[in-house]
Amino acid sequence: MLTRILRQPVWREVIMIGGVVLLLATAIPQLLYAIGQGFRVGLLGRFMALGIAALGIDLIWGYTGMLSLGHGIFFALGGYALAMFLLLQLPAGKLPEFFSLNGVTELPWFWQPFSSLPFTLIAVILIPSLVAAIVGYFVFRNRIRGVYFSILTQAALIVFYNLFNSQQKWINGTNGLKTDSAMFFGKVVSSIEVQWLFYLLSLFGLVGAYGICRWLTGGRFGRLLIAIRDDEPRVRFSGYDPTGFKVFVLAVSAALAGIAGALFTAQSGIITPNAMDVSFSIEMIIWVAVGGRGTLVGAIIGALLVNFGKSVLSEQFPAFWLFFQGGMFLIVVAAVPDGLVGWAGRTWREWEQRSSRKSATYPQIDLDENLHREKTQTEKLHNSGK
Amino acid sequence: MERILNIQELTVSFDGFKALNDLNFSLDRGELRVVIGPNGAGKTTFLDVITGKVKPTKGYVQFKDRSLRNFSEDQISRLGIGRKFQTPRIYQKLTVRQNIELAGNPHKSLFGTLLGKKSPTNQRQVADLLGVVGLEPKADILAELLSHGEKQRLEIGMLVAQSPELLLVDEPVAGLTDEETAEVGQLLLNLSADHSIIVIEHDMEFVRQLSAGLGSQPENRVTVLHEGHVLCEGSMAEVQKDPQVIAVYLGSEEQH
Ligand SMILES: Nc1ncnc2c1ncn2[C@@H]1O[C@H](COP(=O)(O)OP(=O)(O)O)[C@@H](O)[C@H]1O
Ligand SMILES: [Mg+2]
């Protein structure tokens, strides 16, 4: 019975994920506390939140081939939404401090619904995805793609950055929203209990995001995304209009970035327009590239690895982190273009093939003389055609 | 006989250069037509206009008495026109089976693709098609690993999977061996039993095979395109005798 379940890949995956979740929810944090590295638990929680954003990037870039340099927008929208909710948990009639410092005496109408938790939770998901869907619709309908799409997303990022930076009155401009001392269900946000809650939320959020992305990419829909990535005009001649598909995945990806932003903000204690710094959105790409684009696990591992690398290295050599990050990106792109997980998977398959040469499945191509002849012929043809 | 395709006074100009120039053309339902013409005659552009990739500067294309001017590529494809490209365009990172499944998916909307169930008929159709194009043994390997000839056949399979009424096939045997060429010819002739087909071709031997038709079928007509215009139309024998055609096209064959 058990062996039969284990033989099914789906169940193997579920069991493996369950195991990892269990470790992350119990043993790993305890171990870190035991060896006096308790603060790393907080970091892990934040980086798992970033992993959710990385999944979103992988969905649109790794699978669909759209390189967004503007995901900081969605991250910030989610972050600001939750931060305002936390700041608004005050006795009736009181306003968050920064409002009075800026001469605002009444809560602006657009912030009013954010005192409600259900509204905020919906907003964290819906606002980023609506912004993404509206922008995406006009961009994709006009068949803007490739590098033009990337430039456009970066331009949008800069617009949003300046917009948020300049709104001193309504969102505290450059200083952003500080949530550390805000209250959440009667406890200070920075307290161990609330932080542990957000750690768990990040963990389960990550698992949920993984599940959604797995579902989206696993079937026919995912194969269509790959087809769009590899030859979008051809997809049209197969009878699909890529616009709707691209708008949809961009919106999902933006929602994931929004959730990540909310979870991250609650744990880092602050959200400022710096979340829309050009370099942060590029870092998201780097996580996915390092981990392995087009592999969901790769996106998560990349986010965790790069960020832990960042925190360890910047403790040791604060001035050099950026060089390390840039160098690592160059090495990955040059030496393992499909990222660590992609590389590991490829190596594993090659090793498996070599050790099972005689099995009559895939490696047949190399053995069958006929096939081999055909293959070299085409290669010759290709070469002579150039 | 019902006309499936009717093209009148079609002109396409690229910055003043007329790739198609006042072209008239029509195709009967069930017909297989071979279109030949020297390089740059406008053959690919001709297919580009029918499939909506290029909009006509003047004139119109009617498919089943409906003008295609305001339809996009994907809508035209769903109306029942399938196209094979000159260089095989398949999805390299998907398996052979997945390529055919995507093309043959009956639900092409966003949510249809995401939530639509695979029907048993659908799966049988995919299996049948794999057999028709002779790729059953390679159904589950990545398309990028196929030989050039197999890619050509796969793309024809993807085309048929869309269940179109009209197939547009652009130079399907470019770069194939003689044996593979004959196979593709046979495949197209078999398909012509229940599809209308336009085949664009360069290879005269192949054109002869197609125009001869299958044993009991009548001979298929050939259209000669030259400088964006129909030069001549008729049976292979008639076309070969036409002095204009000899001058511009068949004559040059001897020089090769
Ligand atoms: N998008 C385009 N822009 C400019 N010129 C084009 C374009 N497409 C085709 N042409 C020109 O139109 C002519 C016909 O091209 P094409 O239809 O590809 O010929 P064929 O397929 O018969 O070899 C060629 O001279 C080509 O250079
Ligand atoms: Mg051509």
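Figures for the structure shown
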quantity	calculated
Residues of the range A:118-142 with amide N under 15 Å of the 7 Å Cα→Cβ point at A:Q89	A:118-121
The range A:184-229 versus the range B:22-84: alpha-carbon centroid distance in Å	48 Å
Approximate shape of chain A as ellipsoid semi-axes (Cα gyration tensor, √5λ), whole Å, largest first	41, 26, 20
Lysine pairs meeting the criterion (Cα under 23 Å, 8 or more apart or interchain), as found in chain A	7
Cleavage-rule hits (GluC sites (Glu not before Pro)) in the range A:1-108: DSSP loop, at most 16 neighbouring Cβ within 10 angstrom	A:E106
Inter-probe distance in nm under a simple model that places probes 7 Å from Cα toward Cβ, at A:Q112 and A:S314	4.0 nm
Cβ neighbours within 10 Å from other chains - mean over B:213-225	0
Acute angle (nearest 10 degrees) that the helix A:192-218 long axis makes with the longest principal axis of chain A, alpha-carbon atoms	30 degrees
Förster radius 56 Å - calculated FRET efficiency between A:Q353 and B:Q240 (Cβ-Cβ, nearest 0.05)	0.60
Partner chain coverage, peptide B:148-159 - average Cβ within 10 angstrom	2
Charge dipole magnitude, Cβ of K and R +1, D and E -1 - the range A:45-337, Cα centre, debye nearest 20	640 debye
Ellipticity estimate at 222 nm from DSSP helix runs (n ≥ 4, -39,500 (n - 2.57)) divided over chain A, nearest 500	-24000 deg cm²/dmol
Neighbour-limited loop hits for GluC sites (Glu not before Pro), the range B:1-98 (at most 14 other Cβ within 10 Å; DSSP other than H, G, I, E, B)	B:E2
Cα-based helix-to-principal-axis angle, A:9-25 vs chain A, degrees rounded to 10	30 degrees
Percent antiparallel among DSSP beta bridges (both partners in the range B:3-254, rounded to 5)	55 percent
Average other protein chain Cβ within 10 Å of Cβ, residues B:108-115	6
Ellipsoid semi-axes in whole angstrom, largest first, where each is sqrt(5λ) of the Cα gyration tensor of the range B:114-253	33, 16, 14
Restricting the range B:39-77 to chymotrypsin sites (Phe, Trp or Tyr not before Pro) in coil, as DSSP defines it, with at most 12 other Cβ within 10 Å	none
Structure-based [θ]222 nm, chain B - -39500 (n - 2.57) summed over DSSP H runs of at least 4, per residue, nearest 500	-10000 deg cm²/dmol
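Each reported figure results from applying straightforward, stated rules to the coordinates on display, with no laboratory input. Note that the structure is a prediction, hence the values are computed from the model and not measured. Don't worry about glycine lacking a Cβ; one is built from the backbone with ideal geometry, like all the others, and counts go over all protein chains shown.
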